[in-house]
Amino acid sequence: MILLDQIQNELAVLDSKSLRRRRRHVESPSAPRVKVDGQAMLAFCSNDYLGLAAHPKIIAALQEGADLYGVGSGASHLISGHSRAHASLEDRLAEFVSPHLVDVRTLYFCTGYMANLAVLAGLAAVSGKETELFSESLNHASLIDGAKLSRAKLQVYPHGDVASLRAMLLASTAATKIVVSDSVFSMDGNLAPVPELLALCEEFNAWLVIDDAHGFGALGANGRGVLEHFDLHSPNIVYMGTLGKSAGVGGAFVAAHKDVIEWLVNKARPYIYTTAAPPALAHALLTSLDIIQGEEGQARRAHLQILITQLRRDLKLKRWTLMPSDTAVQPIVIGDNAESLQAAASLYEQGFWVPAIRPPTVPVGTARLRITLSAAHTAEDLALLIDAVNRLEV
Ligand SMILES: *Cc1c(COP(=O)(O)O)cnc(C)c1O
């Protein structure tokens, strides 16, 4: 039993540090009002920023997709799993981001996690050991894992520190240089200095891999994410957007020059050696894109902005700090793990579901409540939460 003893001891260590993770059971669609373990809750924790995850038109499109293509894809993309629905989605996504990228093609993945593994391992495969990766210190776990999978030489530059990155690029003699960053930091809500990163990449002939998981659909007048927000244009950009957050469905896509995509199709193992996502999801995503691009998407983004302003105006904190963020991710830093858990538990008892985020997801000593807003919240929903948080802190 010695093997299991080790695990039991380590689980006890997690408990002693207030680091044990538990899952709750959601019994209704993703929405502000959810049923969780039999209880009605007001949720501020999903990444469904536009409130599309239970949109009737997208549900109908998914049902239509199942009628047209069945349930499973049956195989990987390079065998027989690549359906007309996947191809149509990739074409639509390419058209959507085309104002910002040159000769663009896109590639649809089952998840953003896999897309990030594929991009970093795939780009590094061009020059093998002659590759150097420059990774922002607060990058998402999937980028960190992608960097490991790439086996490239890795340098981590401090959060938002363009000067340090410049010095690293200047010193590098690698044949292929790749700078990689989240656009919106998922646990902080702030934006990376993407225009400055891009200028450096152009100066040093490096790729800029941008993970726009929290920007795609939510940022930009038309929902084109960080590309539109900063009006970026460059052949050096390899863009990753996820489709399970603002787009409300699932999967992710990579957008880049058509030859980069062709290379990934041929070389990126996380793309090649996995069963293609159900085609019905791709079919449903066509409707999701229609909504994101259209008037309804604009109205949803505008409402989200109003909620962000309301939260930042009306929250009155004493010891805790609301992080500087203009996005739907609005974290309150508490610091201590146990105090953060207590705050989340107290809110939960009052019917508000806000997750406590602890290390290793965030740096030690910066445990926090991570409030996420959705266009599906009403101003009244948010006022209830603000009042509860204001009364919580002692
Ligand atoms: C959610 C997320 C991912 C992973 O995307 P999935 O589609 O959920 O696998 C990647 N990067 C960032 C920054 C994310 O927040």
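The values are calculated or read from the model by the stated rules, or taken from the named source; none is laboratory data. Note that the structure is a prediction, hence the values are computed from the model and not measured. A quick note on method: Cβ atoms are made from the backbone with ideal geometry, for glycine too, and the neighbour counts reach across all protein chains shown. For accessibility, only protein heavy atoms count, side chains too; no ligands or nucleic acids. Shrake-Rupley method; radii C 1.70, N 1.55, O 1.52, S 1.80 Å.
Per-structure values
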| read-out | value |
| --- | --- |
| So Leu123, is it in a helix (DSSP H, G or I) and either within 16 Å of the ligand (Cβ to nearest atom) or not aromatic (Phe, Trp, Tyr) (or both) | yes |
| Scan of the range 94-117 for residues that are within 12 Å of the ligand (Cβ to nearest atom) and more than 26 Å from Gly160 (Cβ to Cβ), ordered by number | Tyr108, Phe109, Cys110, Thr111, Met114 |
| Residues being basic (Lys, Arg) and farther than 23 Å from Ile210 by Cβ - total across the range 52-104 | 2 |
| Selected residue (only one of Ala280, Ala284, Ala256 is buried (at least 24 other Cβ atoms within 10 Å of the Cβ), more than 16 Å from the ligand (Cβ to nearest atom) and assigned to a helix (DSSP H, G or I)) | Ala280 |
| Ser181 vs. criteria surrounded by 23 or more Cβ atoms within 10 Å (Cβ to Cβ) and among the small types (Gly, Ala, Ser) | yes |
| Subset of the range 26-69 [over 22 Å from the mean Cα position of the chain (by Cα) and closer than 30 Å to Glu10 by Cα] | Val36, Asp37 |
| Boolean, Met240 is of a type in the set (A, V, I, L, M, F, W, C), under 21 Å from the mean Cα position of the chain (by Cα) and surrounded by fewer than 19 Cβ atoms within 10 Å (Cβ to Cβ) | no |
| Candidate set: the range 337-364, residues that are in contact (Cβ under 8 Å) with a residue 12 or more places away in the chain and out of contact with any helix residue (DSSP H, G or I) (no Cβ under 9 Å at 6 or more places or on another chain); chosen: the one farthest from Leu385 (Cα to Cα) | Val362 |
| Check on Ala367, at pLDDT 95 or above and in contact with a Lys or Arg (Cβ under 8 Å, 6 or more places away or on another chain) | yes |
| Some residue of the range 157-174 being in a strand (DSSP E or B) and either away from the ligand (no atom under 16 Å from the Cβ) or over 29 Å from Ala302 (Cβ atoms) (or both) | yes |
| Counted residues, the range 78-120 - those being in contact (Cβ under 8 Å) with a residue 60 or more places away in the chain and outside any helix (DSSP H, G or I) | 15 |
| Considering residues of the range 211-245 that are closer than 15 Å to Lys177 by Cβ and not in a loop (DSSP other than H, G, I, E, B) only, the residue nearest to the ligand (Cβ to nearest atom) | Val238 |
| Qualifying residue in the range 349-370 (condition: in a helix (DSSP H, G or I) and out of contact with any Cys (no Cβ under 7 Å at 6 or more places or on another chain)) | yes |
| Per-region count, the range 189-214, residues touching a Lys or Arg at 6+ places or on another chain (Cβ under 9 Å) and either surrounded by 20 or more Cβ atoms within 10 Å (Cβ to Cβ) or among the hydrophobic types (A, V, I, L, M, F, W, C) (or both) | 8 |
| The range 207-220 residues that are farther than 9 Å from Tyr239 by Cβ, paired with ones that are near the ligand (Cβ under 9 Å from one of its atoms) and modelled with pLDDT under 95 (beta carbon under 6 Å, 6 or more apart) | His214/Ser186 |
| Hey, Ala75 open to solvent by 80 Å² or more (accessible area, probe 1.4 Å), more than 20 Å from Ser246 (Cα to Cα) and in contact (Cβ under 8 Å) with a residue 40 or more places away in the chain or not | no |
